[in-house]
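For reference, the structure discussed in these notes is given below.
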Amino acid sequence: MTNGTSQGLFVVVAIVIFGIFVLISYLLFRDNLKPSLSGIFTDGLEQSVNSLDNYDGKNHIGDELTITRGYVSNYLRDKGTTPISGENSVYLKNKDLNIIELTSEEASEKWNYSVNSNTITIKGIGVLYKNVYSKSLEKYLDEETQNATFTQKITGDITSFTYTHKFIDRKSNNPEGVAGLHNSSGYSIQLDKEYTFTQTLTNNYSGKVTQETYKFKFIINDNK
């Protein structure tokens, strides 16, 4: 066996021994290593992504804010209750016309149906949203970000309103928040007529705007 072959064999044996040592160390201490390794890889990935995107996390506070669905609240909705319950609301999709079918009995009992004027009464319209109190807000929480705000705005055929909140004031255990306008006396709308409203959520800290438009029409269908 030549000197070169001997040296090569020695290197291979050394690598194998080192590998066995690393494997044994991992098996013995993996429970202690997991959090550290996870933190290392997570921090490294975040730094890589942020570096590639020239991303400043603090300037993106609240950008996880997402509109999930629209709603129309019925006449029976009590003040102070949320429209998240399906018993109190009809949920809307944001792309196509939402045709909402009611029997005459449903319309009378829940929507204050008037046969003479062919109208029903709704209590409110709006959207549900999620992630208004974002993880980024927690991470970069300071005197400046505590005053970061977002603005809810509804424009439409029935009513319009604008209201501004602080992100920090919207912290809640509820996975969904509510942005909408409700009237204790209700809004009278025509059956068989299309209505539209647009909900705009503006992040006043980063400037990001999230917007959805909803179209709906109520009809009577006693054969459904």
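The values are calculated or read from the model by the stated rules, or taken from the named source; none is laboratory data. None of these values were measured; they are calculated from a predicted model. FYI the Cβ positions are ideal-geometry reconstructions off the backbone, even for glycines, and counts take in every protein chain you see.
Miscellaneous remarks
- Only one entry in Phe216, Phe197, Phe161 is among the hydrophobic types (A, V, I, L, M, F, W, C), modelled with pLDDT under 90 and under 20 Å from Asn94 (Cβ atoms), namely Phe161.
- Filter result for Thr121 (at pLDDT below 65 and closer than 29 Å to Leu191 by Cβ): no
- One residue stands out in the stretch 177-219 among those that are over 22 Å from Leu97 (Cα atoms) and in contact with a Phe, Trp or Tyr (Cβ under 7 Å, 6 or more places away or on another chain): the one that is surrounded by the fewest Cβ atoms within 10 Å (Cβ to Cβ), namely Asn204.
- So Arg69, is it assigned by TED's automatic domain parsing to the domain that holds Phe150 and either at pLDDT 85 or above or not in a loop (DSSP other than H, G, I, E, B) (or both): yes
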